[in-house]
Structure formats: C-alpha cells, structure tokens
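The values are calculated or read from the model by the stated rules, or taken from the named source; none is laboratory data. Predicted model, so just to flag it, every value in this text is computed and none were measured. Every residue, glycine as well, gets a Cβ built from its backbone with ideal geometry; the counts of neighbours run over all protein chains shown.
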Amino acid sequence: MITLVVISGRSGSGKSTALHVLEDMGFYCIDNLPITLLKPLVDHLPLQPRVAVSVDARNIGDDLLKFPEILETFNPSDIQVKVVFLDSSSNALVKRFSETRRKHPLSDEDRDLQEALDFESTLLEPISDLADLAIDTTLLSMHELRDLVKSRVAIVNHEFALLFQSFAYKTGVPIDADLLFDARCLTNPHWKPNLRNLTGRDTAVQAFLQKQPEVVSMYNDILSYLESWLPKFEANNRSYMTVAIGCTGGQHRSVYIVDKLYDHFKNTWKNVQVRHRELSKTE
C-alpha cells in the first residue's frame, strides 16, 4: 500500500520544514505540486511506498476546488492518504514575514500582507476542510515542529495517534485541538504562595490538586468521556486526535490533568504523546 501525505497551509506556517522532515525519514517528496498532478503522480510512482507533497495556494484558477474530487479517485485499499494542514495565527505570520523580509506569494500592489493571508485562507479551504491533522505552529519552535511531524505524521504502521496538550487561555486556544476542556473553574494553586512557581508536574502541586473534590470529579468525567468516545473516533477511521486541556496560565491545573490522562491512555494505544505548550517555552 502507498502512503501519500499531502501537506498544505498558509505561507510561513512551516510546510517546508515538515516536508524536509519527511524527506529525511525516507519519503519521496515534491514541493509545491499543482493539485491536478496529484493523481498522475501517484499513478506513475508504483515503486514508491511513501510519498509526500506540499500544495499551496499558487494553483491555476479554481484547481484547488477539485481537491475533494481528486481524493475520491484514490482506492483506499491501494493508497492511504493523510492530509496535514499547518497554520499559525495571522499575527504570527505577519511577524515572520516582517522578520525575514520575504514577500507573500499572493501580495501585490493591490493586496497587502494581511489581505494576502486572508485570501490564502479562503483559497485553501477545500484542503483545510478535509485535513486529517491540523497543526498550529504559532508557538512552536522549529525543533518542536520537527518532533511533532516525526511522531504524528511519519507513522508507518497507520496506528491511532493521540496527543494530550495543556495550554494557557491567556495565550490563546490551540487551533489544532479536536477536543477541548476548560479547567479554569478549578481551584488554582497559583494563589498558594508556596505553589505559585511550581507546575503540575511537581509533587506538591499534585498533592494539593488531588485533595480538591472538583479536580477529581472533572478528571473522572473527562476520563469517562474519552474512554467512551476515543475508540469510536478510531473506528471511524480517525488517524489523529488532539485533546487539549486549558487553564489560565497553563502551568498547574491543565498540566496535572493532561499528565494523568497521558499516564492512563499510554497503555491503551502505542502512539500517545504529551505536550505542555506553556512549559515548553521555559524548558
């Protein structure tokens, strides 16, 4: 069976980095492939078991609108298609273009950078709407993006990939979350002076949260929900799921719950990862 990974996303979101990672891992890679050449490419690469292509908004006319139709032409018994969409907040993309002094491919004398980014989002909707995996690169370093692509995209045995992620609401909700739970209503260790500078990975914080009935109740409710529904998502041919838990600062409550969920489900599926978005900035 051929594995075809289609990588797309707005300019500056990390498509080239993702493609280079897959190339390093043995994929036959093609950058900026016109969408109408996707089917002929696969038909003429029978000896390449793993193929990755990047597709951007620079296609002719309405070609991108044909993407859903092209996907339907692939026989699932012969080819497994993974559609990966990378994106960042518009503010982050504007900053990246400003820092590198690159010109956005869709900007011109009549369309400034922000307008080009908005236009690009519209053009890429036929792909983003069908994405199996969405990756928010707003706060990811290049190293973190490479690790994420290795662990979630370059999967050779087609196993279900599950990511638990903690985050801070004050820095924004992750756009790649499939399921999101809000832990801000729980007792906050931040207001305990001896716990303020610790995290949910520290024993003292864990001991404090374990004694809070509402924390135990929320964890058990989330656990019950996931135990009931994650197998159904997997049975419905979902390859990836991202479960995000958020609190105000992304340091105590969300970290604690995410780690407990990871410890529980790592024995259920082989490909289970954990990421603490805010903690990764200081590690």
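Things worth noting here:
- Residue, nearest to SER11 (Cα to Cα), within segment 132-147, restricted to residues that are touching a residue at least 60 places away in the same chain (Cβ under 8 Å) and surrounded by 20 or more Cβ atoms within 10 Å (Cβ to Cβ): THR137
- Some residue of segment 153-175 being of a type in the set (S, T, N, Q), buried (at least 16 other Cβ atoms within 10 Å of the Cβ) and under 27 Å from SER89 (Cβ atoms): yes
- Search result, residues across segment 234-249 that are without any contact (Cβ under 8 Å) to a residue 12 or more places away in the chain and in a helix (DSSP H, G or I): ALA235
- Selection within segment 212-243 - under 14 Å from ASP182 (Cα atoms) and among the small types (Gly, Ala, Ser): SER217
- Screening THR138 with (1) of a type outside the set (A, V, I, L, M); (2) under 29 Å from LEU279 (Cβ atoms); (3) part of a helix (DSSP H, G or I) gives one miss only, at (3).
Rundown of residues vs (1) polar (S, T, N, Q); (2) at pLDDT below 95, yes/no style:
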{"position": "MET142", "(1), (2)": "no, yes"}
{"position": "VAL156", "(1), (2)": "no, yes"}
{"position": "THR187", "(1), (2)": "yes, no"}
{"position": "LEU209", "(1), (2)": "no, no"}
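- Taking segment 250-277 as the range and being surrounded by fewer than 21 Cβ atoms within 10 Å (Cβ to Cβ) and assigned to a loop (DSSP other than H, G, I, E, B) as the test, the residues that pass are LYS266, ASN267, THR268, TRP269, LYS270.
- Any hit, segment 16-26, residues being surrounded by 21 or more Cβ atoms within 10 Å (Cβ to Cβ), modelled with pLDDT of 90 or more, hydroxyl-bearing (Ser, Thr, Tyr) and within 16 Å of VAL149 (Cβ to Cβ): no
- Every residue from segment 101-115 that is out of contact with any helix residue (DSSP H, G or I) (no Cβ under 7 Å at 6 or more places or on another chain) and part of a loop (DSSP other than H, G, I, E, B): ARG101, ARG102, LYS103, PRO105, GLU109, ASP110, ASP112
- Test: residue in segment 81-90 that is outside any loop (DSSP other than H, G, I, E, B), surrounded by fewer than 14 Cβ atoms within 10 Å (Cβ to Cβ) and not assigned by TED's automatic domain parsing to the domain that holds TYR240: no
- Just one of (1) hydrophobic (A, V, I, L, M, F, W, C); (2) touching a residue at least 12 places away in the same chain (Cβ under 8 Å); (3) farther than 30 Å from ALA92 by Cα fails for LEU179. It is (3).
- Number of positions in segment 176-194 that are over 24 Å from GLU234 (Cα atoms) and surrounded by fewer than 20 Cβ atoms within 10 Å (Cβ to Cβ): 9
- Unmet criterion (only one of (1) surrounded by fewer than 16 Cβ atoms within 10 Å (Cβ to Cβ); (2) modelled with pLDDT of 95 or more; (3) not in a strand (DSSP E or B)) for LEU226: (1)
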